[in-house]
Each structure stands twice: as C-alpha cells, then as structure tokens.
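Trainee: Got a structure for you, questions after.
The values are calculated or read from the model by the stated rules, or taken from the named source; none is laboratory data. All values derive from a computational prediction rather than experimental measurement. Backbone-built Cβ (ideal geometry, glycine too); neighbour counts: all protein chains shown. With ligands, DNA and RNA removed, areas are computed over all heavy atoms of the protein, side chains included. Shrake-Rupley method; radii C 1.70, N 1.55, O 1.52, S 1.80 Å.
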Amino acid sequence: MASSSSSINMIPHTKYDVFLSFRGKDIRHNFISHLNAALCRKKIVTFIDDKLKTEDEISPSLSSAIEGSKISIVIFSEGYASSRWCLNELVKILEIKNKYGQIVVPVFYRVDPSDVRNQTGTFGDSFSELEERFKEKIDMLQTWRIAMREAANLSGFDSHSIRSESVLIEGIVNDILKKLNDLFPSDSKDQLVGVESIIKQIESLFLTGSTEFNTVGIWGIGGIGKTTIASAIYSNISSHFEGSYFIQNIREESEKPASGLASFRRELLSTLLDDGNMKIDIPKIGLNFERRRLSRMKVLIVFDDVTCIQQIELLIGGLDRLDCFMPGSRIIITTRDTQLLKNLPGSHVGHVFEVKELSYDDSLTLFSRNAFGQNHPAAGYLELSDIVIKYSNGVPLALKVLGRHLFGRSEEEWESALKKLSRIPHMDIQKVLKVSYDGLDDEEQNIFLDIACFFKGQYRDFVMNFLDACGFSAKIGVRVLVDKLLVTISGNMITMHDLLQEMGREIVRQESIKDPGKVDCGIMKTSIKF
C-alpha cells in the first residue's frame, strides 16, 4: 500500500483527515459515535455521513469527501455487505487508495476478517441477500467481492482480539494519529540535521523505558537546537499520552512586566484536563481536585528555555508537584544551565543530554538548505559557504540565520556580507547568545569578559590564580560559566566557542563605543585593539 506523504499530497482538494465508512443501521449510535468523538477530541477532522443510506449510488458530495480525505476507516459490521451503498463506497475508497496512495484502515467490528475476505459466516449471509437482488449484474458483484477481499487483507483492527470497545477505540485513534504524523511531519523537519540520534535516544527512553515518572533535561548553549529537538520529540510522541502541553519561551514570558507564566499555568491545566471552564486558584493549585485528576493521567509536558527553578514552581505549584503525575508521565526541560537540572529535588531528572555542535558536513547541509533550498551549495558558492561554516562553528542558529540572510544574493553581495560579518557580529545571533551572559551577576560577567578577551586557550590553573589574585572568587565564578556552557574546560585548558568569544568582545566594544580603540575588559584595565 502506498502511503508516502508525496502520494497523499497528490490527492486533490484534501479537506478531511479521516473518512468514516460504515453501515449506519448497525452501529451509528454506539460504536461510530464513540469513535468519531474520540477522533474529534484529538483535533482530527473527520467526515461522517449523518444521512441514512437509502439510495443505491453514492452521491457526488460523498465521492468528493472520500477523495478529499487523507485516511479512510472502513468499519465492517455484520450488515455492511447487505448495503449496495456501503460496497460502492468501499470500491471508491480503494480506487482512491490505488490511485493516490490514500491510507485505508479496516476495522472488523464483531465480524471475522476471513468472513469479510471470503464472504462467509453471518457477514456472507448479508452479502447473499445482495447477490440475490443483483444476480444478473455479474460484473458488479465481482467488483464488490474483489473490494472486500482487498480491504480484508489490509492491516487493521479486529474487535474479537480487543474485547473492550474503549481500548479498541483508543488503539484506532492512536494508530490514526501516528499515521497522520508520519504523513505530515513537523514543518521543521528540514531543519533536523545532525540531531536525529539524540531525538531517537530520548524517544526510545520515553516509550520503552521505565513505566515510572521520568524527566529528561536537554542542555546546551543558546541557538544549539534544544527547542528544535524538544519540538520534534513532542510532535512524534505526544499522541501516546492522555494529555500533552508544550510551554515555549518560558524565560521570555517570565521577563514580561505582567508575567505570562500565570496564563501559561491556567492553559497548561485546562489543556491537560480538557476543561476550558476551569476556575483555577493560582496559589492553591495542586492542593485541590485538579491535582487528583492529574494524578490519574499519563501526560507529556515540555518546559522550554527554563532559567530558574522558580519558573517551574510557579507553573506546577511547587517542585514536589512533579510527583503528582501518573506513572508513565514524561517531562522535558530545556535549559542553558546544568546546575538548574541538578537543583531539582531528589532524582527527578533521570537523564541529561548535552546538545553538541554540528559536524562540518551536517553544518554544510543545514546551511545549504537555508541559503540555497537544497542539501549542498550552488555552483560557485562552495568557498564562500566554507567561510560561513567555519564562522558558525556548528551552531544551528548561526547557520540558519546567515543562510536566510544570504539566500538569493549574488556572489558580490555574499563577499560584502561576509566582510561585514568579520567586523560586526550578526544582531540576531548575538541577541540569542547574550541571554546567558545577561543572566550572570557582575563578577561572573567580568570573569567571562576577561576570558573572552585575554584567557581563551590558557591553562586553567594560571587563569584561576590570576583571577583569585585580582579579588575574584574564581572557582565558583568559572564553575557557573561552565554550567551555562559559556566556557569549557578541556585538557586543563579554558576555552569557549568562537561565537561566544566574539559576543564577549562585541560587548566590550559597545561599552566603549565613544573610544572604539580602547576598551576595559573586566579586571584587565588595559587598552586593547580588536
């Protein structure tokens, strides 16, 4: 069965996610109503024919609805084959499947798949009635038989194997969600370069790991791809949970004069509990019935760009509330500060994943997608692209920002832009990187600037002794910078990312804008030319 997104995209005028084919007399007011409601709760757009099927031929509007659906669910019930309308509907569905690659999912509701395949048993008895009516239309009967055999051979759901209807419906809905996600992946799919491995690791941990509550931390410098990774994971696995919510840009919201975190908190709970009329007493959240309701749900929550513990405390009513979620629940926290993850009480963060810089090849691919709309540089631009790759040093944000900035420009414009970049950092890149610097206290900022201006690549002991001699608390200060990935210690050498060093030097330039040739870096009251 063809089911690729390229095939589905060929379907003309796609309007619905799911088309439901069933015999209304049998199951309209029980199984179908519950299945349709469950699909709609997951924001899946369905087409369900509310009219009784009294005619023999399907209407043009119904035919268009079949053509305009991404997936068709065919519910074979005992009386399905007694309806000429239903069988013609089935023939049309399989025609669209074979022509455009539409996905067809059969559900065998209280009938055996082999009876549908061979028109035997009580299902076959209902078809015999139709055969008697149309015994002179041999070709039409044969078309119906072929359609039932083809549909019965497809992978689907058998109610005899899943006795509970609620479990059966849940299984169908989850399967449809997965199929829709596979057909129409996240818009950021083309930006997932070099991070597939970490995404698979976390997804595997969440889906096949312990059934206990589990929290994962994603840690890295600004612009390294933490949010991109968390978004991809959320998109891929959220359908496996009873409730899910992605709280994006927590840092930005918390910095607003009237904190947006309070509204986030209301929205988080109303979304998870599917209760739009909830009246939440903010100070007492988690101590009332809402907490009990949450404890009965398996949820997935993403806290994105967390800079302090208090932000999570406000959103869920205290760190002890992390335990209020049902076993099997999962939480993702993205942050620039590993100390924050360590500060969570107990062993809440079971795994911390550091997001590393992209390799040269992955950097070139990601940059090319943004600069040229393809996986490699256009002819004549390889050397210029190489300059950008080395400048960006594996930071996805820089690769994407510069790629979009240079898209569609001539070689001469590229050369001019890169010359300017060697003197003045790109504002959009600087803005993101500087967030971690702004979160430091005065002493930590001065230590960072000194390392950026003078001590990158120097021996750790030398730098520590020098800073201590100048009155700074070097050990804790450098430790804070390491936790925030503003500096790294490798082989007893203190170093930092090239873009962070450039950011530090640019901060010093801006602080001495009246005399660009003379700057003061932290404790080093020394004139220096950049």
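Trainee: Got a number for the accessible area of Asp361? Probe 1.4 Å, square angstrom, nearest 10.
Mentor: 110
Trainee: Another one. Taking a cut-off of 13 Å between Cα atoms, list the aspartates and glutamates near Lys356, but don't count ones fewer than 8 places away on the same chain.
Mentor: Glu196
Trainee: For the range 60-182, rounded, prolate or oblate, judged on the Cα gyration tensor with a ≥ b ≥ c (square roots of eigenvalues), a/c < 1.5 rounded, else prolate if a/b > b/c?
Mentor: Because a/c hits 1.5 or more and a/b fails to exceed b/c, the range 60-182 counts as oblate.
Trainee: Right, another one. If I stretch the segment between Asp361 and Asn153 completely, what's the gain in nm (0.36 nm per residue apart, minus their alpha carbon distance), one decimal?
Mentor: 70.5 nm
Trainee: Express in Å², to the nearest 10, the accessible area of Lys475 obtained by rolling a 1.4 Å probe over the protein heavy atoms while all chains stay in place.
Mentor: The accessible area of Lys475 comes to roughly 140 Å².
Trainee: Could you work out how far apart the two model spin labels at Val482 and Lys256 are, taking each label as a point 7 Å from the Cα in the direction of the beta carbon, and quote it in nm?
Mentor: Taking the two extended label points, one gets 3.8 nm.
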